[in-house]
Amino acid sequence: SGLTNFWILGDYTTSPAYDIKFYSTMHNSLGYSSGVRKVSFSCDFTPVQYARLCSDSAFISVDKILKKNHSERNDMETKLINSINWLSEVTTHYLAVNDNIVRLFIALEVLLISSKNEEKGNNIAERLSLINYVDKVDREGAFNFVKKMYGIRNNIAHEGRASVYEKDYAQLILELQRSIAKIASRIAVYPTFNSLLEKFQSAKFSSAFQL
């Protein structure tokens with residue numbers, strides 16, 4: 001099964017005792033053709049954690065996508081795998097914080113933006129907050145956080161460097177991981193980016209929005 005060595009998102013347990021990090025890996029011997037870069041981590045799991053991981057809808061969804069040829073994937077599946085690729089770059093070079101802030105926003109742009117002509121900062125922040133949170137206060141907090149981090153991303157891109165708090169860096173990684181997992185778990189409902197975009201446009205910050 002491709003489930004045994006594919007990916008781990010850091011949100012499958014409520015116990016802080018386990019630091020579950022993200023990785024993506026590929027086994028060409030299984031006949032996959034995803035192009036997801038291999039990233040290795042040493043992670044310890046309890047049997048309960050591993051069982052939850054292997055039964056998770058997001059995990060199963062991406063496993064199915066990886067078994068498809070590139071030509072068989074729809075645009076949302078392609079965006080999802082490309083975003084995971086960029087996140088794997090972050091985990092490969094975890095200590096390169098400034099470079100990784102840029103990589104994280106590339107991953108978010110790949111996942112949440114429809115074209116290069118779209119306004120990026122506000123749309124990424126708004127769409128991520130809608131996907132990741134149900135409570136309106138939480139959504140507003142996430143929106144403001146991502147906007148702040150996008151400003152830091154711009155400083156890095158334009159000036160070459162910026163100060164980044166470690167907790168903000170870790171939080172941005174987690175927000176991307178959550179977005180990937182949420183979209184992956186609902187990709188059968190929103191198989192194209194246009195279908196997801198219509199959901200965003202119809203709901204915005206309404207408390208009724210739920211992916």
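Once you put a point 7 Å from the Cα of GLU119 and another 7 Å from the Cα of ASN69, both along the Cβ direction, what distance in nm separates them?
Each label point lies 7 Å from its Cα, and together they span 4.2 nm.
Can you bin the range 77-205 into rounded, prolate or oblate? Criterion: square roots of the alpha carbon gyration tensor eigenvalues sorted a ≥ b ≥ c, rounded for a/c under 1.5, prolate for a/b above b/c, oblate for the rest.
Note, shape of the range 77-205 comes out prolate.
Taking the Cα centre of the range 100-176 as origin, work out the dipole magnitude from +1 charges on Lys and Arg Cβ and -1 charges on Asp and Glu Cβ, in debye rounded to 20.
With only Lys, Arg, Asp and Glu charged at Cβ, the dipole is about 160 debye.
For VAL137 and TYR165, compute 0.36 nm times the residue count separating them, minus their Cα-Cα distance, and round to one decimal in nm.
That pair, VAL137 and TYR165, stretches by 7.8 nm at full extension.
Using each residue's phi in the range 121-134, evaluate 6.51 cos²θ - 1.76 cosθ + 1.60 at θ = phi - 60° and report the 3J(HN,Hα) Karplus result to the nearest Hz, with x for Gly and Pro.
x, 5, 5, 4, 4, 5, 5, 4, 5, 5, 5, 7, 9, 9
Label TYR190 and ASN155 with points 7 Å out from Cα along Cα→Cβ: what is the distance between them in nm?
3.1 nm
Each residue of the range 72-84 in order: what ³J(HN,Hα) in whole Hz does its phi give by Karplus 6.51 cos²θ - 1.76 cosθ + 1.60, θ = phi - 60°, with x for Gly and Pro?
Couplings: 8, 7, 7, 5, 5, 5, 5, 4, 5, 5, 5, 5, 4 Hz.
Can you give me the C-alpha center-to-center distance between the range 143-158 and the range 78-102, rounded to a whole angstrom?
About 16 Å separates the Cα centre of the range 143-158 from the one of the range 78-102.
Every number here is computed from the coordinates shown, using simple stated rules; none is lab data. Treat the numbers as computed from the prediction; the structure is a model and nothing was measured. As a convention, Cβ positions derive from the backbone with ideal geometry for all residues, glycine included, and neighbour counts pool all protein chains shown.
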